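Scroll down for the structure; my scribbles are underneath it.
FYI, it's all coordinate maths here, none of it is from the lab. All values reported here derive from a predicted model rather than from experimental measurement. Ideal geometry is used to build each Cβ from the backbone, glycine not excepted, and the neighbour counts take in all protein chains shown.
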Amino acid sequence: MNLHHALQKYFGYSSFHPLQEEIITDILAKKDVFALMPTGGGKSLCFQLPSLLEEGITVVISPLIALMKDQVDSLNHNGIPAAFINSSLQFDEIQKVQKELLRNKIKLLYVAPERIMLPNFIPFLQKLNIELFAIDEAHCISEWGHDFRPEYRRLITLRTTFPTVPIAAFTATAIPEVQKDIISQLHLHSSQPYVASFNRKNLFYKILPKMSAKESYKQLITILHQHKNESGIIYCFSRDATEKLASKLQDDGFRALPYHAGLDAETRTLHQEKFIREDVEIIVATIAFGMGINKSNVRLVIHYNLPKSLESYYQETGRAGRDGLPSECILFYSYSDKIKIEHFVDEKEDAREREIARNKLQEIINFCESKECRRKLLLEYFGEHFDEINCVSCDNCLAPKETFDGTTVAQKILSCVARIEERFGTQYVVDVLRGSESQRILSNKHNVLSTYGIGKEYSSKQWLKFIRELVQLGFLDREEQYSVLKLNDKSRDILFRQDKVMLTKPMKEEILVQIAATTDEHFEAQLFELLRALRKQLADSERVPPYVIFHDTTLKEMATVLPTDELHLQTITGIGERKLKKYGKQFLDLIKDYVSKKDKLSLSLENKSPNNATTSKTYSVDEVRKSLPRAYEKWTEDDVKKLIAEYRLGRSTIELAKAFGRNKGAIASRLKKLGLIS
């Protein structure tokens, strides 16, 4: 069996992702490999597929128990014998797996690095015909990495104990220093490093300023409503914050559960299983605690607090859109989060660790505060050049922010904070600047201050944004408990040394940028939901996550091409021989039934007669295609750029529909997705 035949038979793919074939060829040639591939880039297939073409066993070292189970479930559903040995198994279960391994009945064995180091485990492995050691999450080996684990360093034992067995190290996040450290620590000197692009084109990056708890929660609710019925992960700073936010979301009608190291193992496992099986849509997790999931259809990742590094941010946002479909990554940024992380950094005993942590924190701060393309900043951090002028999928590119000399604005705010003796919050400062005649201001006699009423040139909302930006830039502090504004050394530099401050120019009407998909999805939405329901029913009956049956990409392709026989169905991405045989008939029957009912309906479009009376006419599908020549075409990246430019020139929806050969609804839908209309 050749590579492409195995790829189609077991995984249902007709072609490889970049670098996959080269890596697999090296592994089959018994060479060491170091591969850096982004989440969703297909690194797992690089060691899974070779195991099917070799006689022996591939041992996969993975740090997360839940991820092991997830991958083993997926492999077994593809007809590939795989198993794991970890602390979740009872003694008799481990004995059963070991017997199957000795009989060569298992192709892939997943274990944790701690298991490898147990006294009796290495001797057991020496009894097996091992073809490859695949080390997943290899960045854990390096102390320069964002998730260093000392037990990973000891994996060098594999090189000395099994000198003839090749080692393949895989990671999704590693800066150049970490890449070199991994290769050095594992003695992979004979290997060719493979580094794929870090660019996740389907992810949309956006930073939101975080002010008061009430305001931020309101923004969060708005975002979650925009992603109704879609899976999302929300990261918080602490266990307590995780619990409180999950509880609050539940009270507001969202199906959400917390996930953190403080939960007992049974509860944590239950919550994760509910999430991956789509019994709940939202999981609220601590930033510091890893969550091993292979869930392909996470559409939203929100950092409600600041991550500790750009590596962490990239890895955690990488859990969105693993299936390649458009997904959104939002970070709520506040300067106070930086202070919290600095507190934990200062508690580190090792001076070198403190220095590394401080540098990483400053890098994520720079990323949040920059007005450059988010994608460009991320890629350059990992050593990859990005030469596009506009990525069309981050907030800074879709809604670039103009700046102005905001020194006078800053001085008015800081002077007001000083004159009210640093005892009040943001809204109170704005009310004083705007000359409010509220009872509270009058009773405090703050209407006689020199700063009273000096800020009427801006709206209350604009002053709030200015204050928020000063806090973000570190020119003003805000007490976390009572949100009281306080001056600091940088504040005094502006007031007394006349230091210059550049602020974001206020817009007359703020553009709230939503997800910007560079490709349109022309599929039967109603059929997709029916296919999802069938998938969920099958997954529940087999007690596996829905994406183990089929990914969203597979269902959307079904809902696009509408296959009506097995030959046609087998051409769809993600349907291998085993899944075709097991699930093909049920999905085909559903599609046929849908198509049959749809064919009986006529397509009606409303027309206006010359006397403005509304008339109804029935059109054939061919007639509609002729009148709207591009109605069924995908939106290209150039189309999207042109649409944004034309809309900003003041073109109406009707004019845009005519220019692009689409109907008004399609234009409105696209503008809404781009955040240009509400």
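Each pair of Cα atoms in region 203-398 enters the Kirkwood radius, and Stokes-Einstein at 37 °C and 0.692 mPa s then converts it into a translational diffusion coefficient of 189 µm²/s. Only helices enter the 222 nm calculation for the chain: every DSSP H run of n ≥ 4 contributes -39,500 (n - 2.57), and dividing by all residues gives -13500 deg cm²/dmol, rounded to 500. Label the chain by shape, choosing from rounded, prolate and oblate, from the square roots a ≥ b ≥ c of the eigenvalues of the Cα gyration tensor; if a/c is under 1.5 it is rounded, and otherwise prolate applies when a/b is larger than b/c, oblate when it is not. Note, shape of the chain comes out oblate. Karplus-based coupling profile of region 438-451, in residue order and whole Hz: 5, 4, 5, 5, 5, 5, 7, 6, 7, 6, 9, 5, 5, 8, with θ = phi - 60° in 6.51 cos²θ - 1.76 cosθ + 1.60 and x standing for Gly or Pro. Of the chymotrypsin sites (Phe, Trp or Tyr not before Pro) found in region 42-118, not one falls in a DSSP loop while having at most 16 other beta-carbon atoms within 10 Å. Cross-link pairs exceeding 22 Å between alpha carbons, from the set LYS274/LYS536; LYS465/LYS641; LYS536/LYS582; LYS248/LYS360: LYS465/LYS641; LYS248/LYS360.
Using +1 at the Cβ of each Lys and Arg and -1 at the Cβ of each Asp and Glu in region 174-248, identify which of HIS225, GLN185, SER247 lies farthest towards the dipole's positive end. Among HIS225, GLN185, SER247, the one farthest towards the positive end of the dipole of region 174-248 is HIS225. Within region 10-72, the GluC sites (Glu not before Pro) that combine a DSSP coil assignment with at most 12 other C-beta atoms in a 10 angstrom radius are GLU55. Place +1 on the Cβ of every Lys and Arg and -1 on the Cβ of every Asp and Glu in the chain, take the dipole about the Cα centre, and give the residue among PRO119, THR407, SER450 whose Cα lies farthest towards its positive end. The one lying farthest along the dipole's positive direction is SER450. 3J(HN,Hα) along region 394-402: 8, 5, 5, 7, 7, 9, x, 9, 7 Hz, from the Karplus curve 6.51 cos²θ - 1.76 cosθ + 1.60 with θ = phi - 60°, whole Hz, x for Gly and Pro. Only Lys, Arg, Asp and Glu carry charge here, each on its Cβ (+1 for the first two, -1 for the last two); on that basis the chain has a dipole of about 1500 debye about its Cα centre. Close amide H partners of SER231, meaning residues 5 or more places away or on another chain with modelled amide H under 5 Å apart, are ARG299. Reported to the nearest whole Å, the Cα centre-to-centre distance from region 1-43 to region 203-222 is 39. Under 5 Å between amide hydrogens, built in the peptide plane, is the criterion, and for ILE207 it picks out LEU331, ASP395 among residues at least 5 positions away or on other chains.
Count the DSSP beta bridges whose two residues both fall in the chain, then state the antiparallel fraction as a percent rounded to the nearest 5. Among the beta bridges of the chain, antiparallel pairing accounts for roughly 20 percent. The slack between LYS445 and THR164, meaning 0.36 nm per residue of separation minus the straight C-alpha distance, is 92.9 nm.
Amide H contacts of VAL195: LEU36, each under 5 Å away and 5 or more positions distant or on a separate chain (H built 1.01 Å from N in the peptide plane; Pro and chain starts excluded). Compute the distance from the alpha-carbon center of region 459-491 to that of region 113-189, in whole Å. Region 459-491 and region 113-189 have Cα centres separated by 47 Å. Projected over all directions and averaged, the alpha-carbon convex hull of region 184-289 occupies 10.2 nm².
Computed on the Cα atoms alone, the convex hull of region 3-195 gives a volume of 111 cubic angstrom per residue. Over the C-alpha atoms of region 525-599, the Rg to Rh ratio, Rh being the Kirkwood estimate, stands at 0.93. Using R0 = 22 Å, the C-beta based FRET efficiency linking SER438 and THR504 works out to 0.20.
Taking other C-beta atoms within 10 angstrom as a stand-in for reagent exposure, TYR647, TYR304 fall in the order TYR647, TYR304, fewest first.
Relative to the compact globular guide of 2.2 N^0.38 Å, what is the alpha carbon radius of gyration of region 433-477, as a ratio? Could the numbers behind the result be given before it?
Working: Rg = 12.1 Å, N = 45, 2.2 N^0.38 = 9.3 Å.
Compactness ratio reported: 1.29.
Assuming R0 = 45 Å, can you tell me the calculated FRET efficiency for the pair SER197 and ARG423, based on Cβ-Cβ distance, to the nearest 0.05? Here the calculated transfer efficiency is 0.30. Just how far, in whole angstrom, is region 379-414 from region 572-597 if you go by their alpha carbon centroids? That distance is 47 Å. Dipole of the chain computed with +1 at Lys/Arg Cβ and -1 at Asp/Glu Cβ about the Cα centre; of TYR304, CYS397, ALA265, farthest Cα towards the positive end is CYS397.
As a rough footprinting exposure proxy, the listed residues MET502, MET558 were ranked by other beta carbons within 10 Å of their own, and the order from fewest upward is MET502, MET558.
Exposure proxy shown here: for TYR583, TYR10, the number of other Cβ atoms within 10 Å sets the order, fewest to most, as TYR583, TYR10. Projected onto its three principal axes, the C-alpha set of region 403-504 covers 34, 30, 24 Å, listed from the longest axis down.
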